[in-house]
Amino acid sequence: MSQKTLSEDSRAGATATEHGEASPRRWWILAVIAIAQLMVVLDATIVNIALPSAQTDLGFSDGNRQWIVTAYALAFASLLLLGGRIADLFGRKPAFLVGVVGFAAASALGGAAGGFTMLVAARALQGALGALLAPAALSLLNTTFTDARERARAFSVYGAIAGAGGAVGLLLGGVLTDALDWRWTLYVNVAIAVVAFAGGWILLGSHRDAAGAKLDVPGTVLVAAGLFSLVYGFSNAETHDWGSPLTWGFLIAGGVLLAGFAWWQTRAAHPLLPLRILLDRDRAASFVAVLITGAGMFGVFLFLTYYLQLNLGFSPTKTGVAFLPMVGALMVAAQVGTTMLLPRVGPKALIPLGFAIATAGMAWLTGIGLGSHYGSAVLPPLIVIGLGLGLVMPPAMQLATGGVAAEDAGVASATVNAMQQVGGSIGTALLNTLAASAATDYLAGRDARSGPVRAQATIESYTTAFWWSAVFFGAGTVIAFLLYRRGVPAQDSDAAPVVHM
């Protein structure tokens, strides 16, 4: 197919969607959005496996190692709402393309880093550009698919990527680190970005649904500072303790700033996050579901990675492969949940069911021991967890962004991403703290110099984290059942309101 034909089709697609018709190239657009989203999600975990190699190469301390991860999380979380609103104000295509190019450039900078400071700066830039790219991609998905059934299929793909991308990142990070060098965990984004940029340039149409609005500067400052303080406070809980002023001080400051942001949104002429987005009961419940899922999933990815590598002796590549059955289960459940079950039974039955299945899987995973085998002790519960999360993440994301006014699509999408990021930060802090306490308690009164005793202490820390992840998912079961309305939401019927691209 020629470049001219592609350009003509993309212009036709843009015109069609502006008149409430489905874009003829919408499935190609989905592929481009999925590639871009995968790039953002991968970077939450792909660098983790490469950290030991990067630390050896660049010579930074164990205390500084966390900043390679934290710098990305802080920039991403604090700037998400701003990125979503920029997409609404200035157009989702420009925001998408700038985000893709900027993310690739920041990744190349990180890959070429000659020292710790340069690598941290590059990771922060990645987070900032990801905060522009991620909401633009999700809002493009919502505004491209105007048919309810097709939108459900599209969200099953997107939600599966959001849920399984962390595991894919572990696999890709392991392969690249083993086969090439840790720097390729960053360079790989350049190759992905070339495909995403080319597809976005050719296929996406330009349309600004909130072109008449203005940027809420006070709201932007309040929410960015609030989210930064919240994520930074939880990050400090890992390296300090809950009694440290750097932990509780920033958590309190974050709460106060976010409360001030909520108050300001009721008075701003052009609010950054219009409260009408939060007032829909199913949408608010979906935000909470995404938050809880982000917190609980951390127990699967981080502590199970430790167990597979340190206790079972898996290589980084083999560890990534070990997560693939979970990815497959999640993708199957995502497709079934969004296209078949959600339109029939509604979220009040489906999402609590998904949380309950994930709870059972996490509880099952606590049975691991020093002599356990992957095939009998890890694989079955991992598949169960994947099935459960596949029934939660994609439907919740669809409900969180569906039915919003077109001019609010970007900021609604940003709120979903912010909930997932803040949930991950909460899970990181709480589970790390609880796991460390469990190991310390086990060693009390025992010979801490004994190899078997120390090995069992690590098992106690992992299973404690898994139990608490099960508690998170169990709480999600109850909360989702209480918050979601009965019946099938309007946006999941064929009479769903048309949104414009």
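The values are calculated or read from the model by the stated rules, or taken from the named source; none is laboratory data. On a predicted model such as this, the values are computed, not experimentally measured, just so you know. Cβ coordinates were reconstructed from backbone atoms using ideal geometry, including for glycine residues, and neighbour counts include every protein chain displayed. We work out accessible area using only protein heavy atoms, side chains counted, and drop any ligands, DNA or RNA first. Shrake-Rupley method; radii C 1.70, N 1.55, O 1.52, S 1.80 Å.
What is the extension gain from Val478 to His240, computed as 0.36 nm multiplied by their sequence separation minus the C-alpha to C-alpha distance, in nm to one decimal?
Details: separation 238, 0.36 × 238 = 85.68 nm, distance 3.24 nm.
My answer for the length gained is 82.4 nm.
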If packing is taken as the average count of other Cβ atoms within 10 Å, what order do 196-204, 382-390 fall into, highest mean first? 382-390, 196-204
Accessible area per residue for segment 267-376 in Å², computed with a 1.4 Å probe and the full protein assembly in place, what is it? 38
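What does the extension gain come out to for Val256 and Val190, with contour length at 0.36 nm per residue minus their alpha carbon separation?
On the way: separation 66, 0.36 × 66 = 23.76 nm, distance 3.91 nm.
Stretched out fully, the Val256 to Val190 stretch lengthens by 19.9 nm.
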For Ser372 and Trp263, FRET efficiency with R0 = 56 Å and r from the beta-carbon atoms, rounded to 0.05? 0.60
Probe radius 1.4 Å, ligands and nucleic acids ignored: give me the carbon and sulfur share of the accessible area of segment 217-364 as a rounded percent. 74
Heavy atoms of the protein only, probe of 1.4 Å, neighbouring chains included. What is the accessible area of Asp280 in Å², nearest 10? 40
Distance between modelled label sites at Ala444 and Trp248, nm, 7 Å Cα→Cβ extension: 2.1
Provide, for q = 0.09, 0.19 Å⁻¹, the log10 of I(q)/I(0) from a solvent-free Debye sum over equal Cα point scatterers in segment 323-476. -0.38, -1.19
Calculated from backbone phi, Karplus (6.51, -1.76, 1.60) coupling profile of segment 99-112 in Hz, x at Gly/Pro: x, 5, 5, x, 5, 5, 5, 5, 5, 5, 4, x, x, 8
Quick check for me: using +1 on Lys/Arg Cβ and -1 on Asp/Glu Cβ, what's the dipole size of segment 385-482 about its Cα centre, in debye to the nearest 20? 360
Segment 208-291, Cα convex hull volume normalised per residue, Å³: 119
Take the Cβ-Cβ distance between Leu180 and Val345 as r, set R0 to 45 Å, and report the resulting FRET efficiency rounded to the nearest 0.05. 0.45
